[in-house]
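Notes follow once the structure below has been shown.
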Amino acid sequence: MKRVLSLLCALCLTASLLAGCGTGNTENNGGNAGNEGGNTPPVSDQGDAGEEQTAQPVDVRVTALKGPTAMGMVEMMRQADGGELTDNNYQFTIEAATDAVTAALGQGTTDIAAVPANLASVLYNNLDGGVQVLAINTLGVLYLVESGDTVQSVEDLRGRTIYASGKGATPEYALNYILSQNGIDPAADVTIEWKSEHAECLASLLAEEGSVAMLPQPFVTTAQTKSDSIRVALDLTEEWDALQAGSETPSALLTGVVVARTEFVEAHPEAVSAFLDHYKASVEYVNANVAEAAQLVGSYEIVTAEVAERAIPACNIVYIDGSEMREKLSGYLNVLFEQNPQSVGSQLPGDDFYYSR
């Protein structure tokens, strides 16, 4: 009961940036899928004395959220579905809601998952170190857009009304950080009207000429298909990076990371390493072959191929692991912790949170 309550608390504090990307879920089982819903531990061939022992493929269950965190996986998903990956049995599930991913990790029904960056820390704390972060997969996807051409800098937001969703979660903390670090008091110098979902922000943006809204990708691209007057005024990732210039402990605005259950990492280190190699190659493919990747994104019903082709270049899909991952992620979590400790699960994660090969 304590764990369930902790997970519910975590969900309230970590509304996904990507919730506007779709509904429902799509499950895709790799061509060599083994026993459904379970893990097969490595088995060694016990041949004649002196023969090398060969580990058998492991079932690797992977879950991602609709949106940028799943987009980077699509080439790996295609390879798994086509039987091209034979080292392990990869089974992919795409979910629309963060709570479904959280429950799967907590219940042990998935092994690896793409989740919001701060949720990874919440899960680590609530599951007593039960997850490790493997890599950063998405940098910031938040943008300030306007119906007009009046916002060229953060200072131009002074005195304005900003429509936004994500109060009490990463969008609020990111916006507050960028405003305050530029000398703008979020409570006094601007008016932030919090909406329950991105669609409401878009409706207000379209209804009021000269209005400003904070939206994530690929919702920004969807919005621009509805009106030619909507333009990206500020990229909050770029604004965050500008504030880090010269910092001794630089951070980055992050959206998503890939985590794994600690138990799975310890039991199957070679399978985890193999997954990361395939995943890195998939991210590189998506960024280098946008049109082809967009068709895959559409085929897996993450977003439409048309939206994906326009959105992928602005989705900041990356693969960052090792010491660089730790530096960027720890700095980001510290910024959130200073605003609201609950946003990262009450305390910053320990060293064992950061996976290293």
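Structure notes:
- Enumeration of residues in segment 279-303 that are buried (at least 17 other Cβ atoms within 10 Å of the Cβ), under 18 Å from Ala96 (Cα atoms) and of a type outside the set (A, V, I, L, M): Gly298, Tyr300
- For segment 304-315, residues that are part of a helix (DSSP H, G or I) and open to solvent by 10 Å² or more (accessible area, probe 1.4 Å) total 7.
- The single condition among (1) under 30 Å from Glu266 (Cβ atoms); (2) of a type in the set (A, V, I, L, M, F, W, C); (3) open to solvent by less than 10 Å² (accessible area, probe 1.4 Å) that Leu175 does not meet is (1).
- Hey, Pro313 closer than 23 Å to Ala174 by Cα, modelled with pLDDT of 95 or more and either in contact with an Asp or Glu (Cβ under 8 Å, 6 or more places away or on another chain) or not aromatic (Phe, Trp, Tyr) (or both) or not: no
- Qualifying residues in segment 243-271 (those that are of a type in the set (Asp, Glu) and within 18 Å of Gly108 (Cβ to Cβ)) - the one surrounded by the most Cβ atoms within 10 Å (Cβ to Cβ): Glu263
- Selection within segment 121-148 - touching a Phe, Trp or Tyr at 6+ places or on another chain (Cβ under 8 Å) and of a type in the set (A, V, I, L, M, F, W, C): Val131, Val133, Leu134, Ala135, Ile136
- Test set (1) part of a helix (DSSP H, G or I); (2) closer than 29 Å to Gly345 by Cα; (3) out of contact with any strand residue (DSSP E or B) (no Cβ under 7 Å at 6 or more places or on another chain) - Pro171 fails condition number: (3)
- Qualifying residues in segment 181-199 (those that are at pLDDT below 90 and part of a loop (DSSP other than H, G, I, E, B)) - the one surrounded by the fewest Cβ atoms within 10 Å (Cβ to Cβ): Ser196
- The set of residues in segment 200-247 being of a type outside the set (S, T, N, Q), part of a helix (DSSP H, G or I) and either modelled with pLDDT of 90 or more or touching a Gly at 6+ places or on another chain (Cβ under 6 Å) (or both) consists of Glu200, Cys201, Phe219, Val220, Leu236, Glu238, Glu239, Trp240, Asp241, Ala242, Leu243.
The values are calculated or read from the model by the stated rules, or taken from the named source; none is laboratory data. A quick note: this is a predicted structure, and the numbers were derived from the prediction, not measured. Note that we place each Cβ from the backbone using ideal geometry, even for glycine, and neighbour counts take in every protein chain shown. In case anyone asks, the SASA skips ligands and DNA or RNA and just uses the protein heavy atoms, side chains included. Shrake-Rupley method; radii C 1.70, N 1.55, O 1.52, S 1.80 Å.
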